Every structure is written in C-alpha cells, then in structure tokens.
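Heads up: the structure comes next, in structure tokens.
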Amino acid sequence: MIIAYFIYDKRALIACSMTCYLWYIVAVPHLHYSLTTEDGCYSWDRMRYEWPTPLQKSYDLGLLPLVKRLQIRLGLWRNIKFTPEWIDRRTLRYFTALTNLQELGIDNLQLSRFMPNIQQCFGHLSPTLRFLALGEPTGSCRQILYFIGIFPNLQDLKFHRSLPTDGPESTADAALVPLSVPPLRGRLTLAHFAGEGLVRDMITYFGGLRFRSMDLFEVGCARLLLYECRKTLETLRLYPNDPYGEEFLGRREEDTQVRDL
Amino acid sequence: MDSHTLLQHFDLSRNTSLRTLETTAGSIDHTSDTASDFFVTILSSVTSPVPLDFVVIYRDGDFGFFSNPSIFDSEPDGYLYALDQMNDRALLRQKQFGVFREMHGARNFRLVLCADVLDSVVRHATKTLECLVETEEAKGGLVHRYKPLIISVSAL
C-alpha cells in the first residue's frame, strides 16, 4: 500500500493513522517500527528516551509487538555498561513483550554479567532476530559467540569499537558452545575492530563465514575475513581516507532516529 | 601503507563473487596519492571476471550543504550551505575523475555515482553529478567502457 512509502515521514504517517480505522491499521506498524532508548544523560530534551521510558510507554499501550528494531544507546565514552541490573522484573516484562523484534543494537553490553541468565533475558528474541549490533561489548570471545548463537536466524552482524577479547579464557568459558549456527549470510559491519580471536572462533564453530556484504573501517583482520568470504562476498565497502567514514557506518542507527516517534 | 602491505590486508585475488566495491567521496582524496594507490592496488588484485561496479557515495557535505541541527529539529528543510565550500567541492569532484582514470587502468569497472542526501537536496545533487559527467565526457576524460551511472538515495 502507498502508505508504506511514508516510512521515513512521521508527520505523514501520523496524519494517515488519523484518517480512518483502515489507514490506522496500515500506518501504525510503520509508526512503531523502531524504538530507541538511552541512558538519559545526553541532554534535557533527550529525557523522553531515557531507559526504560520508551519501552514502558509502548508496553502500556500494547505496542511492543509492533516494534521490529530496538536500539539501546549508552554513552560509549562515559563507560556506562549495560548490565543485568538494567533488566529488573518490571523491565524484563517489557523486554519479553518484544515478540517480533528483528534488529537489536546494544551499546556497552557487559556479557560476562549476563551469562547466568542470558537465555531468560534474550532467549525470547531467538525466532525473529535477524540483525545484531554490539557497540563496545565486554566479555570473552566464547561469551560473545554464545550470545550470537542464541539467535538461529541471525543474518547481519555489526561490531563497533570492539575491545580485544583475545585474553585467556576461563574453564567455564571454554565449555561454552553456541546453541545454534546462525546463517550469517547478510551484512557484516566492523569498525575499530580488533577481535581477530572472535572471528577465528566464529569460523571454527559456525563452519566458516558466508557474508555477502562487508563494511570495514579500521579493522585488523580484513585479510582473514576476505579470505573466508571469498566465495560469497558480493559487496565490499571501504572508507580508507574518509574522516567521516565511521559516521557513515552508523547510518542504520541514524535511520533508527529518523523512524523513532 | 605500501602496496605490498596493503595487498596482504585486502587481497581479492581469491574472491570469485565480488560485484560491488563501494566507498565515499571523502575517501577519494585527490590531493594525495593515498586514495589512488589504495584502490588501484585493491582493484589490481581482483582476478574474477564478474563485472564490477565501483560505487562512490556523495553526501550532503560533498555538495556544500550542511544541516544545522538546531534548525533541522524544527524545520526539516533547514539547510546551510557555503558558496565557497560549494566551489571547492566542485573542483574536488572534477579532480576525482583523475583518480578514477588511474583506477580504471588497474581493472575495468562501471562507475556508479550515488547521491546519498536528504530529500530536499536530491535534485540539486543528481543534477550536479550529471553536469560533472557531461563535462568529463566533453573533455574526453571518460575512459570507462560504460557510461557512469548516477543514482540517488534519499531520506526526508
């Protein structure tokens, strides 16, 4: 339907949704497609995005099943971690209502803290999630790999400012085996990425890499990635001298902002 | 990074499926040999016979337009532009064709110029790129087998 052409035009979508019930039904999934929450410390005008306000509001209105994209933004430079404390009983209720989520972005995810209850927090997303973006995650390679394996339909991956996680693994980590082998045949985006160990683990446990598209910006293991995807890679994006290249890589997040209510 | 080191990182000789190599206009810096060397080296490593598109993405700033966040919040068409910047950018874009010619010597490809700009600028941006191609064509500066393709993607 023609209303789908207005996905980036919130004003037009809102106008459509108020025209009649039929138009409302068509417009409302586009209006609530994307949800962004922040740590609330950016500025006063960003307070409405403060965690978990957007989730709570959408939950109260029964709109969370319509959300396809969730972005949890934390100030990467302020060292605020996304830990299990952020998901208490009340927030978990909102989180589990995201039954159709396809794209998830989390900044500063402290995976090691989530490990005991990771299935409880994220397991309900496993049938639908297609895209996962992690900004500066902390945890061992095996923990990150295990997290990726929770989502058996994952196609696209993005790591932004990944810290080296190639240190010695604990015995508990060594026993972690991904629950599934996601297809990962879509787009891989890496910026300031130093986790060659993670890539090697992905190759070992997922039986190789098969991405069709790659965005690389300041990546230490480009050779390995290009070799692994030599039979599948169709599109390669490189920004060697562009001071704004990194900003360009974040375009998907900017889209999120454009589409947020 | 010399070409030998570069090839160690971005060796595409084993790739059998690459169809598109994409970059931003900001990466094609005509003032130094870096960009030219970078892409010439990478393209020279492509051995696959599959037709290749080289996509260059131009953004609002590449046309001298800069959105003003404070205006942008209240008025979607709120744009600032600087005439001196626009002239500088026009010169830069013309010189970029010199880099494309050097790259073409390493491997045949179709040049795709993509204007990734906000909706209010898209007409100006595509027209600018069309003029650029026509000027180069008139000068005989287009060495590509296929005429460059101009496309645009935009958001409100």
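The values are calculated or read from the model by the stated rules, or taken from the named source; none is laboratory data. Predicted model, so just to flag it, every value in this text is computed and none were measured. Cβ atoms come from the backbone with ideal geometry, glycine included; neighbour counts cover every protein chain shown.
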Residues of region A:138-157 being closer than 18 Å to A:Ala172 by Cα and either in a loop (DSSP other than H, G, I, E, B) or touching a residue at least 40 places away in the same chain (Cβ under 8 Å) (or both), which ones?
A:Thr138, A:Gly139, A:Ser140, A:Cys141, A:Arg142, A:Ile144, A:Leu145, A:Ile148, A:Gly149, A:Ile150
Can you tell me which of (1) at pLDDT below 80; (2) crowded, with 20+ Cβ neighbours inside 10 Å; (3) touching a Ser or Thr at 6+ places or on another chain (Cβ under 8 Å); (4) hydrophobic (A, V, I, L, M, F, W, C) is the one B:Leu80 doesn't meet?
(2)
Considering every residue within region A:70-77, establish whether at least one is surrounded by fewer than 13 Cβ atoms within 10 Å (Cβ to Cβ), out of contact with any helix residue (DSSP H, G or I) (no Cβ under 9 Å at 6 or more places or on another chain), at pLDDT below 90 and closer than 23 Å to A:Arg161 by Cα.
yes
Just to be sure before I move on: is A:Gln119 buried (at least 18 other Cβ atoms within 10 Å of the Cβ), in contact (Cβ under 8 Å) with a residue 24 or more places away in the chain and of a type in the set (S, T, N, Q) in the structure I sent?
no
May I ask you to list the residues in region A:176-200 that are in a strand (DSSP E or B) and surrounded by fewer than 21 Cβ atoms within 10 Å (Cβ to Cβ)?
A:Arg187, A:His192
